[in-house]
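*Asks:* This is the structure I want to talk about, given as structure tokens.
The values are calculated or read from the model by the stated rules, or taken from the named source; none is laboratory data. Since the structure is predicted, the reported quantities are computational estimates derived from the model, not experimental observations. Cβ placement follows ideal geometry from the backbone for every residue including glycine, while neighbour counts extend to all protein chains displayed.
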Amino acid sequence: MSSSNNLFQKIFDWYLSKEALPYWCVLALDYVIVLFSGLFGFYWQLGGNGLASNFWHIFWLMVLFSGLYVIGFRIKRTYSGMIRFSSFEDLIHVGEAMLIGSVLTIVVSWVLDHVFGCDCISLKVVALTFVLGTLLMVLVRVIGKATYDGYHSRNGSGRMNAFIYGNLHGAIALAQGVKENKESRFRVRGFVCTTPGAKHDLMLMGQRIYSLEDDLVAIMKKKRVKALVVSPVQNENFRSNTKLIDSLTEAGIHIYMMPQVELFDESSTIQYDTLKEVDIEDLLPREKIEVNLEAIGEQLRGKRILITGAAGSIGGEMVNQVVLFKPEVLVLVDQAESPMHDVRRKMAEHFADLKVETIVTSIANQEHMEKLFAKYRPDYVFHAAAYKHVPMMEDNPAIAVQNNIYGTRVIADLAVKYGAKKFVMISTDKAVNPTNVMGCSKRICEIYCQSLNKAIAEGTLKMETADGSKPVTQFVTTRFGNVLGSNGSVIPIFHEQIKKGGPVTVTHPDMVRFFMLIPEACRLVLEAGTMGNGGEIFVFDMGTPVKIVDLANRMIRLSGAKNVKVVFSGLRDGEKLYEEVLNDKETTKPTHHPKIMIATVREYDYETALMNEERLLEASHTFDDMAIVKIMKEIVPEYKSNSSKYEALDK
């Protein structure tokens, strides 16, 4: 039975498509309707006997005059659309085309009557032809569309009953997209209206409107609704309703959204290649972040730009955004060979018109980095290279010093020597009151860059520049927390554990983290980097903190997996339960951007910062973990180890 239905559906689709009903077929159908309407007009005027006695004369007269209506059809192109997708605008065009044909008929009839004395078509016949012809042509299109929509609504194989979530305008646009696309996965069975004050006992497009105050999950279960499709203009509103999200996922109801980056006009119809079932990243509450792209572009366009860590998750996204501003040359540095090969291929494929250099090297290789700075003399340096995994650096403090701390000093000093205008260092929230080696290493990097900027501003820096000029480099630091989808992020780890059937491991039931999308974080880096005057440590408003155990449970529910348990493994070495709030009003100052603040931190003079770094680098070559971390704690007194062997040094 299903195979016969599928065959009928294919025939039906073909019959109402342009292939089966090409332009001339629709035009011929409309012509026949006009011809029939004209004959009916004569019947109304002359009666049955009068029409019968003059039938062939009247018939050929209407054959000729119906050709005038074709001119109207051509002007309004009434035959060029698919009947099954006829819209109200198409029906208006039909009426306009018939009006044009009627006016032409009246004009030609008047000329033939007054110039040649031919008695042609009366105004009464023309009026009846217009009214009846228009009605019939509209009726054909309405019946074709209604039949197609009704058939697919009843027989769409694999379609899920769905509610549309949004305000009235966005919901209508979304529902129209669902109905008009034969590839749609959904059958609209109701609307969830978010418009304040809207009446919720009304119908829309033949379906009931519900409010957020209704017991939506119970209603959806009763109506066998398996999906909620969210209007793109309501993404942020929906994300903030965690109670509704949890009840939907617990009930096994699928949620579909457009990615946040997609632009959507309320008068638009949905684009199915961008509508997808949500991942956990789509449901984390966050606000839309706006940046001044024009101001950023003015500073970066046509400049020489160097990005370290260019193959990493943050550095890679920095590359994606910077290339849009058409720099003169883009120098990309990373020590990961395979990922850099992928970056090289991507640049060659998508940005062949730009000069892009992809270089595999370590930022701690001072000799090689000097050659690069001497050759390309970058105007802007975005420094994203760092070892960032807390447990790894906890076990390898010497490498954290040699790569993160010394590597940053190499790049910073070369930026000054070769006249870079601005140096933007990407730091982390773990540098705030650090509890681990990684966080402390980034705080020491911040100290050095800030002290270097202070020395330049005060004119006390004795470092030589390549051309003997006065140092001009401005140093800016940006801090933010976890970014969604970054390498080593908890979310892909949870995905993998769920796929294997569990358990999902969470370190502690009270563990809380902030999250932000990588593109959003990088846009803020660009905004902060271009607004900074040097010496600032910018911190970002990371939005609403998320409890990791809640994140894990929601991911399990979204996956549909059964009997997957969450187990608590205990805090890892150096790990915090809760990262400090970076936008604490007592320790930050506002900027013109609501999401970017300036941290108020202790400042160090350059000579002290340099001496501390040299002492630490020398200790790193002993690979004595306790001795190295002891010096790090002396440099950063607020560094107190947590769940780590280095706690012994705090006593």
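*Asks:* From Ile253, Ile209, Ile289, Ile245, grab the single residue that is buried (at least 19 other Cβ atoms within 10 Å of the Cβ), over 30 Å from Ala561 (Cα atoms), modelled with pLDDT of 75 or more and not hydroxyl-bearing (Ser, Thr, Tyr). Walk me through how you get there before you give the answer.
*Replies:* Details: Ile253 fails: over 30 Å from Ala561 (Cα atoms); Ile289 fails: modelled with pLDDT of 75 or more; Ile245 fails: over 30 Å from Ala561 (Cα atoms).
Ile209 is the lone residue from the list that is buried (at least 19 other Cβ atoms within 10 Å of the Cβ), over 30 Å from Ala561 (Cα atoms), modelled with pLDDT of 75 or more and not hydroxyl-bearing (Ser, Thr, Tyr).
*Asks:* Taking the residues in the range 347-365 that are hydrophobic (A, V, I, L, M, F, W, C) and assigned to a helix (DSSP H, G or I) as candidates, determine which candidate is surrounded by the most Cβ atoms within 10 Å (Cβ to Cβ). Let's see the steps before the verdict.
*Replies:* Step one: filter the range 347-365 for residues hydrophobic (A, V, I, L, M, F, W, C), giving 347-348, 351-352, 354, 356, 359-360, 363-364.
Restricting the remaining residues to those that are assigned to a helix (DSSP H, G or I) gives 347-348.
Working: Met347: 20, Ala348: 12.
Here the answer is Met347.
*Asks:* I'd like the full set of residues that are in contact with a strand residue (DSSP E or B) (Cβ under 7 Å, 6 or more places away or on another chain) and without any contact (Cβ under 8 Å) to a residue 60 or more places away in the chain, limited to the range 404-414.
*Replies:* Thr408
*Asks:* When you go through Lys199, Lys221 one by one, which is the residue that is at pLDDT 80 or above and surrounded by fewer than 17 Cβ atoms within 10 Å (Cβ to Cβ)? Show your work before the answer.
*Replies:* Values: Lys199 fails: at pLDDT 80 or above.
Just one listed residue meets the conditions, Lys221.
*Asks:* Hey, any hits in the range 398-415 for a residue that's at pLDDT 95 or above and among the basic types (Lys, Arg)?
*Replies:* Checking the range 398-415: at least one residue is at pLDDT 95 or above and among the basic types (Lys, Arg).
*Asks:* Within the range 215-238, track down each residue that is in contact with a strand residue (DSSP E or B) (Cβ under 8 Å, 6 or more places away or on another chain) and either farther than 19 Å from Leu558 by Cα or assigned to a helix (DSSP H, G or I) (or both). Spell out how you get there, then give the answer.
*Replies:* First pass over the range 215-238, keeping only residues in contact with a strand residue (DSSP E or B) (Cβ under 8 Å, 6 or more places away or on another chain): 216, 219-220, 223-235, 238.
Leu216, Ile219, Met220, Lys223, Ser231, Pro232, Val233, Gln234, Asn235, Phe238, listed by residue number.
*Asks:* So if I check each of Glu317, Glu294, Glu281, which one is modelled with pLDDT under 90, closer than 30 Å to Ile596 by Cα and surrounded by 21 or more Cβ atoms within 10 Å (Cβ to Cβ)? Explain how you work it out, then say what you get.
*Replies:* Working: Glu294 fails: surrounded by 21 or more Cβ atoms within 10 Å (Cβ to Cβ); Glu281 fails: surrounded by 21 or more Cβ atoms within 10 Å (Cβ to Cβ).
Exactly one of Glu317, Glu294, Glu281 is modelled with pLDDT under 90, closer than 30 Å to Ile596 by Cα and surrounded by 21 or more Cβ atoms within 10 Å (Cβ to Cβ), namely Glu317.
*Asks:* Further question on the same structure: In the range 212-230, how many residues are closer than 24 Å to Gly560 by Cβ and touching a residue at least 24 places away in the same chain (Cβ under 8 Å)?
*Replies:* Residues of the range 212-230 closer than 24 Å to Gly560 by Cβ: 215-230.
Filter again for touching a residue at least 24 places away in the same chain (Cβ under 8 Å), leaving 216-217, 219-221, 223-230.
Counting residues in the range 212-230 that are closer than 24 Å to Gly560 by Cβ and touching a residue at least 24 places away in the same chain (Cβ under 8 Å) gives 13.
*Asks:* If you take the residues in the range 217-227 that are of a type in the set (A, V, I, L, M) and under 16 Å from Met160 (Cβ atoms), which one is farthest from the chain's Cα centre (by Cα)? Lay out the reasoning, then the answer.
*Replies:* Step one: list which residues in the range 217-227 are of a type in the set (A, V, I, L, M), which gives 217-220, 225, 227.
From what's left, under 16 Å from Met160 (Cβ atoms): 217, 219-220, 225, 227.
Numbers: Val217: 27, Ile219: 31, Met220: 28, Val225: 27, Ala227: 21 Å.
Among those that are of a type in the set (A, V, I, L, M) and under 16 Å from Met160 (Cβ atoms), it is Ile219.
*Asks:* Report every pair of residues separated by at least 6 positions or lying on different chains whose Cβ atoms are under 8 Å apart, first residue within the range 239-263 and of a type in the set (Lys, Arg) and assigned to a helix (DSSP H, G or I), second at pLDDT below 80 and crowded, with 17+ Cβ neighbours inside 10 Å.
*Replies:* Matching pairs, first to second residue: Arg239/Asp282; Arg239/Leu283; Arg239/Leu284; Arg239/Arg286.
*Asks:* Within the range 429-528, considering only strands (runs of 3 or more DSSP E) that don't extend past its boundaries, which have at least 2 residues that are among the hydrophobic types (A, V, I, L, M, F, W, C) and under 20 Å from Ser644 (Cα atoms)? Working first, answer last.
*Replies:* Values: elements: 474-479, 482-484, 504-506, 515-517.
Those strands (runs of 3 or more DSSP E) do not exist here; none qualify.
*Asks:* Any residue in the range 428-451 that is over 14 Å from Val601 (Cα atoms) and at pLDDT below 90 sitting within a Cβ distance under 6 Å of a residue that is of a type outside the set (Ser, Thr, Tyr) and assigned to a helix (DSSP H, G or I)? List the pairs, counting only those 6 or more apart or interchain.
*Replies:* Listed pairs, sorted by first residue: Thr428/Lys442; Lys430/Gly439.
*Asks:* Follow-up. Out of all the residues in the range 355-390, which are touching a residue at least 60 places away in the same chain (Cβ under 8 Å) and small (Gly, Ala, Ser)?
*Replies:* The answer is Ala374, Ala384, Ala385, Ala386.
*Asks:* Among the listed residues Glu614, Glu647, identify the single one that is free of Cβ contacts under 8 Å to residues at least 12 places away in the same chain, closer than 20 Å to Gly407 by Cβ and either outside the structural domain of Gly534 (by TED's automatic domain parsing) or more than 39 Å from the chain's Cα centre (by Cα) (or both). Spell out the reasoning first.
*Replies:* Values: Glu647 fails: closer than 20 Å to Gly407 by Cβ.
Being free of Cβ contacts under 8 Å to residues at least 12 places away in the same chain, closer than 20 Å to Gly407 by Cβ and either outside the structural domain of Gly534 (by TED's automatic domain parsing) or more than 39 Å from the chain's Cα centre (by Cα) (or both) holds for just one of Glu614, Glu647, which is Glu614.
*Asks:* Please determine whether any residue of the range 563-585 is at pLDDT below 80, in a helix (DSSP H, G or I) and either in the same structural domain as Ala455 (by TED's automatic domain parsing) or under 22 Å from Ile491 (Cα atoms) (or both).
*Replies:* Scanning the range 563-585 turns up no residue that is at pLDDT below 80, in a helix (DSSP H, G or I) and either in the same structural domain as Ala455 (by TED's automatic domain parsing) or under 22 Å from Ile491 (Cα atoms) (or both).
*Asks:* Continuing with this model, one more query. So Val333 clears everything in (1) at pLDDT 95 or above; (2) touching a helix residue (DSSP H, G or I) at 6+ places or on another chain (Cβ under 6 Å) except one condition, right? Which one?
*Replies:* Tallying (1) at pLDDT 95 or above; (2) touching a helix residue (DSSP H, G or I) at 6+ places or on another chain (Cβ under 6 Å), Val333 fails exactly one: (2).
*Asks:* Here's a follow-up. Taking Ala352, is it free of Cβ contacts under 8 Å to residues at least 12 places away in the same chain and of a type in the set (A, V, I, L, M, F, W, C)?
*Replies:* Answer is yes for this residue.
*Asks:* Might you check whether a residue that is crowded, with 19+ Cβ neighbours inside 10 Å, farther than 25 Å from Val107 by Cα and either assigned by TED's automatic domain parsing to the domain that holds Glu96 or at pLDDT 70 or above (or both) occurs anywhere in the range 23-34?
*Replies:* yes
*Asks:* Need a quick list: helices (runs of 4 or more DSSP H) entirely within the range 85-192 having at least 1 residues that are in contact with a Lys or Arg (Cβ under 6 Å, 6 or more places away or on another chain) and either in the same structural domain as Lys222 (by TED's automatic domain parsing) or modelled with pLDDT under 70 (or both). So that I can check it myself, show each step before the final result.
*Replies:* Numbers: elements: 88-115, 123-155, 168-180.
In the range 85-192, the matching helices (runs of 4 or more DSSP H) lie at 123-155.
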